[in-house]
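Q: Pasting a structure below so you can have a look.
Each reported figure results from applying straightforward, stated rules to the coordinates on display, with no laboratory input. Not measured: the values here are computed from a predicted model. A quick note on method: Cβ atoms are made from the backbone with ideal geometry, for glycine too, and the neighbour counts reach across all protein chains shown.
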Amino acid sequence: MDRSSKLILKLVIDFLCLFVVGISVLMFFLFGKPYKRGFFCNDESLYHPFHESTVTSTMLYIIGLFLPICTMIIGEYLHWRHFSGHTANVLFGYTIPPWLWNAYQKVGVFGFGAACTVLTTDIAKYSIGRLRPHFMKLCVPNVDCNLPEYQHKYIEDFHCTASGISAKLLKEVRLSFPSGHSSFSAYTMIYLAMYLQLRMKWKGSKLLRHFLQLLCLLMAWFTAMTRISNYKHHWSDVLAGSILGIISALVMAHCVADLFKEDREKHCSTEKHRTTDYEAETGVTGIQDETSPLQMRMQTYGGVNRNTEDLIRRRDSN
């Protein structure tokens, strides 16, 4: 198999993996049915009002995908412009620019991680079926919670009686845990912050890179907090979603993409050359005395053993 065929096979496998995860997310959205969980009439956490989202799903996905992807494309192009040592790939006689191939790898792993984060969140949502804080307001179950027989009783046999509520909202009201906004924003923004740590090497300012990383974290933090203030999720839903997103970002960055592999290799290469240069300049080496029971190391300077040098001095003095 030639190089072009191997490259095509790699692209096909990558897109197939992304397609399988993406289609699974779509199936949950179109046909998924959440677990039918009951409620307690005296559960005050379910009586909050219904509010519109401060950070809508459209805003979440556009900013969460568009901002990191554009940053990675620009970052890889600038890195290619200012640093040498990049290897071009050839596909059917056409040369793929190194920055474009590197951008594909960075964006591909990021997109795959984003899809996996959404899928993991959806599996938990549909399996648990936790009710949102505005459940009683949106559903209005056919149960008179003022009656004594329903106090401190877990009610499972009910149906919603609210008028003008779409089937989509009645489905969403059972998908509280974990918070999808929190997991997705945490994943995308923390991954972007780590990418800035990798590629932003401008030395004109010590704090600019860290300031941009702080903005990424604040966007994720703000998104998570609005899910509580809008009564879309319980605080524990947001906490679980944020932890899920953070773990996903760390796993994808360090185990799958291995973002900092280049820096580690450069650091090891620099240390190796530095050690070699030092030994060449000073002539310091190590010789192990095999006759010593302690296996002590004796240093030689310029190729002359220290013990031999002492013997010569004593002979000359005598």
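Q: At 7 Å along the Cα-to-beta-carbon direction for both Leu78 and Lys36, put a label point, then send me their distance in nm to one decimal.
A: Those two pseudo-labels are separated by 5.6 nm.
Q: A follow-up question, please. Please list, in order along the stretch 195-210, the HN-Hα scalar couplings obtained from phi with the Karplus expression 6.51 cos²θ - 1.76 cosθ + 1.60 (θ = phi - 60°), rounded to whole Hz, x for Gly and Pro.
A: Once θ is set to phi - 60°, the couplings for the stretch 195-210 become 5, 4, 4, 6, 9, 7, 10, 5, 9, x, 9, 7, 9, 4, 4, 5 Hz.
Q: Filter the GluC sites (Glu not before Pro) in the stretch 41-81 down to the DSSP loop ones having no more than 13 other Cβ atoms within 10 Å, then list what survives.
A: Loop-located and lightly packed - Glu52.
Q: Considering the stretch 128-246, what Rg and Dmax in Å follow from its alpha-carbon atoms?
A: Cα radius of gyration and Dmax of the stretch 128-246 are 20.3, 71 Å respectively.
Q: Also, quick follow-up: Scan around Leu91 for amide H atoms under 5 Å from its own, H built in the peptide plane at 1.01 Å from N, and keep only partners 5 or more places away or cross-chain.
A: Close amide H contacts, sequence-distant or interchain: Ile96.
Q: In nm, to one decimal, how far is the Leu217 label point from the His159 one, both placed 7 Å along Cα→Cβ?
A: According to this spin-label approximation, the distance is 5.1 nm.
Q: Distance in nm between label sites at Ile62 and Trp235, each 7 Å beyond Cα in the beta-carbon direction?
A: Taking the two extended label points, one gets 3.3 nm.
Q: Going by amide H atoms built from the backbone, whose H comes under 5 Å of the H on Leu175, apart from near neighbours?
A: Arg132
Q: Checking the cross-link filter: which lysines have an alpha carbon closer than 17 Å to that of Lys171, excluding same-chain neighbours under 8 positions apart?
A: Lys33, Lys36, Lys125, Lys137, Lys232
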